[in-house]
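Here's the structure, in structure tokens; my notes come after.
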Amino acid sequence: MSSSAPLSARVERILAATPVHDIHTHLYDPAFSSLLSWGIDEQLTYHYLVSESFRQMDVPFDRFWSASKTEQADFIWNALFVEHSPVSEACRGVLTTLNALGIEPRKHDLASLRKWFAAWKPADFVERVLSLANVASVGMTNSPFDDEERAYWNANLPRDARFRGALRIDPLILGWTEAAPRLRRWGYAVGNELNQATADEVRRFLADYTRKYGASYCMVSLPPTLSYPAAGETAWLIDHAVLPHCRDHGQPFALMMGVKRAVNPLLRMAGDGVGRSDLTALQNLCSANPANRFAVTCLARENQHELVVLARKFRNLHPFGCWWFTNTPQLIEEITTMRLELLGTSFTPQHSDARVLDQLIYKWQHSRALIGRCLARKYETLEAAGWAVTDAEIQRDATELLGGGFARFCGL
Ligand code: FIX
Ligand code: ZN
């Protein structure tokens, strides 16, 4: 396609051809076999679909949770695809994924879809998905507090370098009372009191797991009630352990702000909600710790504008992603356009948050198209002002937005 082709087509083509470095997912290196989810039943029982399905079926919670995964997938397929039109973003995602895999979903029932997936060898399926999604690397979520995952790390399996480590520390800084005895069991001499000796041991723990994971950043998800500075364990641990650790290791601290865990526990993992954060806490973090870098995504739509304005003020702040309830076409367009208009290209528009390997296909197909549309509209306004963008410039920007900018922010 020549540079005389319509701008929107050039942008679409370049974005589609640019490999993405997906900075945050819940996927695992294929060597961690029992932890890597894929296939139609996993897609259908994704927690986004679980919460939607309960609105459309009257299956009691206990009945659903005591069912096998196959039966749960049957319930969800019937409720969301057979008895109602699958217009939600998460439902549409299943169809985009199947379609890209060459399957016409209306010509199949679940039994034949299961057969189709069962014919794949996991390693081949990984290659197929990464290639269809044009994903170059996958940021994992690695938690030292996950026993099943820890066992894999301790087994020192040969690693696939495309699956990149990220140190996840929610239980450490949000649940110190339960975390401290676990650290002690693992050989870190943390006391009950928060003092320098305990901080040093927490830092040793963070350093050990950073090395084990080859982590390029350290991450936490936070409730909307976070305040900083503040009395209490969370702010103390951030100040005395996490931020010094990040400075020592040249790592950003990634914050996912605004999740209200277990708003409805009957929904289990699908039961988390959203709340508006007070971003004064983030402003204080950025301004009090200029030698630290913060990569931040906010779950509440109401926090998006303030996040972008803060990023204009603090160059140690890098907004990323349209997370979870904001990963919908309308909000991606709104948020990405706002970020482009206030930050240029100095942010990372999207991460997939995929939990099922197959989802990389739809999450990136949908997001690439939307990011491309927002970008093309901006370039059109530049052309109107006499600044015609070249393909090389579009390529530079696409590389930056699809992970290049974040890699630099991480010091890679
Ligand atoms: O905290 C997180 O990393 C969230 O992304 C998850 O907790 C959440 O369940 C999710 O998958 C959202 O997309
Ligand atoms: Zn996540």
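The values are calculated or read from the model by the stated rules, or taken from the named source; none is laboratory data. Treat the numbers as computed from the prediction; the structure is a model and nothing was measured. Glycine gets a Cβ as well: all are built from the backbone with ideal geometry, and neighbour counts include every protein chain shown.
Does the range 333-364 hold any residues that are in contact with a strand residue (DSSP E or B) (Cβ under 6 Å, 6 or more places away or on another chain) and free of Cβ contacts under 8 Å to residues at least 60 places away in the same chain, and which are they?
Within the range 333-364, F347 is the sole residue that qualifies.
Would you tally the residues in the range 26-66 being farther than 21 Å from A262 by Cβ and over 23 Å from the mean Cα position of the chain (by Cα)?
First pass over the range 26-66, keeping only residues farther than 21 Å from A262 by Cβ: 27-44, 56-58.
Those left that are additionally over 23 Å from the mean Cα position of the chain (by Cα): 56-58.
Residues flagged as farther than 21 Å from A262 by Cβ and over 23 Å from the mean Cα position of the chain (by Cα) within the range 26-66 amount to 3.
Return yes when V259 is within 22 Å of the chain's Cα centre (by Cα), more than 30 Å from A161 (Cα to Cα), at pLDDT 95 or above and surrounded by fewer than 15 Cβ atoms within 10 Å (Cβ to Cβ) and no when it is not. Spell out how you get there, then give the answer.
Details: within 22 Å of the chain's Cα centre (by Cα): yes; more than 30 Å from A161 (Cα to Cα): yes; at pLDDT 95 or above: yes; surrounded by fewer than 15 Cβ atoms within 10 Å (Cβ to Cβ): no.
For V259, the condition - within 22 Å of the chain's Cα centre (by Cα), more than 30 Å from A161 (Cα to Cα), at pLDDT 95 or above and surrounded by fewer than 15 Cβ atoms within 10 Å (Cβ to Cβ) - is not met.
Looking at the range 20-42, I want the residues that are farther than 26 Å from F406 by Cα and away from ligand 2 (no atom under 16 Å from the Cβ) and have a partner that is assigned to a loop (DSSP other than H, G, I, E, B) and aromatic (F, W, Y) with Cβ atoms under 6 Å, at least 6 apart or on another chain. Which pairs are those?
Final answer for the pair search is none.
Among W77, W65, which is the only one that is aromatic (F, W, Y) and surrounded by fewer than 20 Cβ atoms within 10 Å (Cβ to Cβ)? Explain how you work it out, then say what you get.
Working: W77 fails: surrounded by fewer than 20 Cβ atoms within 10 Å (Cβ to Cβ).
Just a single option satisfies the conditions, and that option is W65.
Six or more apart or on different chains, Cβ atoms under 8 Å: show the pairs whose first residue is in the range 53-74 and farther than 16 Å from A90 by Cβ and whose second is in a loop (DSSP other than H, G, I, E, B) and at pLDDT 95 or above.
F61/F54; F64/F54; K69/T45
Those residues that are surrounded by 15 or more Cβ atoms within 10 Å (Cβ to Cβ) and free of Cβ contacts under 8 Å to residues at least 24 places away in the same chain, I need them from the range 82-94; list them, please.
The answer is P86, and nothing else.
What's the number of the condition T45 fails, among (1) in contact (Cβ under 8 Å) with a residue 40 or more places away in the chain; (2) within 16 Å of ligand 1 (Cβ to nearest atom)?
Status for T45: all satisfied but (1).
Between G344, G321, which is surrounded by fewer than 22 Cβ atoms within 10 Å (Cβ to Cβ), at pLDDT 95 or above, on the phi > 0 side of the Ramachandran plot and of a type outside the set (A, V, I, L, M)?
Details: G321 fails: surrounded by fewer than 22 Cβ atoms within 10 Å (Cβ to Cβ).
When all the criteria are applied, what remains is G344.
Please find, within the range 180-199, the residue that is farthest from D147 (Cα to Cα) out of those that are over 30 Å from the mean Cα position of the chain (by Cα) and surrounded by 16 or more Cβ atoms within 10 Å (Cβ to Cβ).
Among those residues, the one meeting the criterion is L194.
For the range 209-256, what are the residues that are surrounded by fewer than 17 Cβ atoms within 10 Å (Cβ to Cβ) and of a type in the set (D, E, K, R)?
R211, K212, R247, D248
In the range 245-283, what residues are of a type outside the set (G, A, S) and within 12 Å of ligand 1 (Cβ to nearest atom)? Reasoning before the result, please.
Of the range 245-283, the ones of a type outside the set (G, A, S) are 245-249, 251-253, 255-257, 259-261, 263-269, 272, 274, 276, 278-280, 282-283.
Correct list: L255, M256, M257, V259, K260, R261, L267, R268, M269, D272, V274.
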